[in-house]
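Trainee: Pasting a structure below so you can have a look.
Where a number appears in this text, it was derived from the coordinates with a stated rule and is not lab data. Computed from a prediction, not measured in an experiment: that's the story for all the values here. Every residue, glycine among them, receives a Cβ derived from its backbone with ideal geometry; neighbour counts consider all protein chains shown.
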Amino acid sequence: MPIPEIPNRFLCPITLDIMFDPVLAADGRNYERSAIERWLREHNNTSPFTREIINNRLTQNMDLRAEILEFLDLNTHYIHEAIATLTTQNNHAPFIKALIKRNKDNLNRKDETGQTPLHVAVINRKTDVIDTDGNINIIQLLLREGANYKIRNNQHQTPKKLAKELGMWDMVDLLEKQVNDMEQKRQKEYVKIDTLYFFQNAQHGFYLDSGGQGAGGPGVPGNPASNVYCRPDLVGGGWQHWKITAPSP
C-alpha cells in the first residue's frame, strides 16, 4: 500500500519535520514553536521567508495541530512500509519520526508477519538513508528513540539474529556498534541521574530505591535516617547501601 502523502501544511518550513506544536507567526505562516522561537532569537526577529522584521507574537494553531494528530493516528500502521521503502528520494523520515514521537509503542509495533520496524530496517538494509538531521540512518534513529533490539519476530529472531541468518555481516557489525554506543550513553545518563537523586534527595531524608522513590512513594520524605541504594550495574557488583542522616532543620 502506498504511503500517504504528507500535506505540506503539516511540515515546519524551518525543520521540514511534521509539526506537533504549530504556531502562527506575524508573517502569516505556521511553524513548529521551538523552531520559530529559536529562529527569531538568532535572527533579530526577522521572518524566515520575507527577511523583514516582525513581532515575536506567536499564536497556537489548535486546529492544525488536531489535523496533524488525526493524520498520524489514522496512518500508524504504515510505519513498516515507510521504513521498507525509505530512500533519499522519497525521504519518509519525517513521517517515521512523527509516528514514533506521537506514540512510542510504534517503535516495537509488529506487522502481520511479526516484524518490528527494526527488523524491517535490517531486512531492507536501511543503513545509508539519512533523515532530515542530515547524518542519522534509520537504524540509528530507531535505536536512539528506544527500539527494543532484543525483541523477537514470529520466527523467534532478534534483529541481530535475523541479520546473521541472512548473512548480512555488515548489518550485524552496525547493530552491535549502535547497541554498544547506546548502552554506554544510557549508563552515563543513569550515573548522572542517580548522582542527582543522591545529592538532591538523600541529604534531605529521602528513602531511595532503584527508581529514586521516597519511603511513601515518589518524592515523599522518608525517615530521618534514610537508606540510599545504587544499582548493581553502576557499581559492578551487588547493591550498594548507605545510611544517610537528614540534616538538622
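Trainee: May I ask you to list pairs of residues, at least six apart or on different chains, whose Cβ atoms are under 6 Å apart, with the first in region 170-184 being more than 16 Å from residue 148 (Cβ to Cβ) and the second being of a type in the set (A, V, I, L, M)?
Mentor: Hits for this filter: 171/122; 171/163; 172/163.
Trainee: Among the candidates 5, 37, 67, 42, single out the residue that is within 18 Å of residue 102 (Cβ to Cβ), among the charged types (D, E, K, R) and free of Cβ contacts under 8 Å to residues at least 40 places away in the same chain.
Mentor: Exactly one of 5, 37, 67, 42 is within 18 Å of residue 102 (Cβ to Cβ), among the charged types (D, E, K, R) and free of Cβ contacts under 8 Å to residues at least 40 places away in the same chain, namely 5.
Trainee: Of the residues in region 79-101, how many are basic (Lys, Arg) and surrounded by 18 or more Cβ atoms within 10 Å (Cβ to Cβ)? Steps first, answer last, please.
Mentor: Taking region 79-101 and keeping what is basic (Lys, Arg), we get 97, 101.
Subset that is surrounded by 18 or more Cβ atoms within 10 Å (Cβ to Cβ): 97.
Result for region 79-101: 1.
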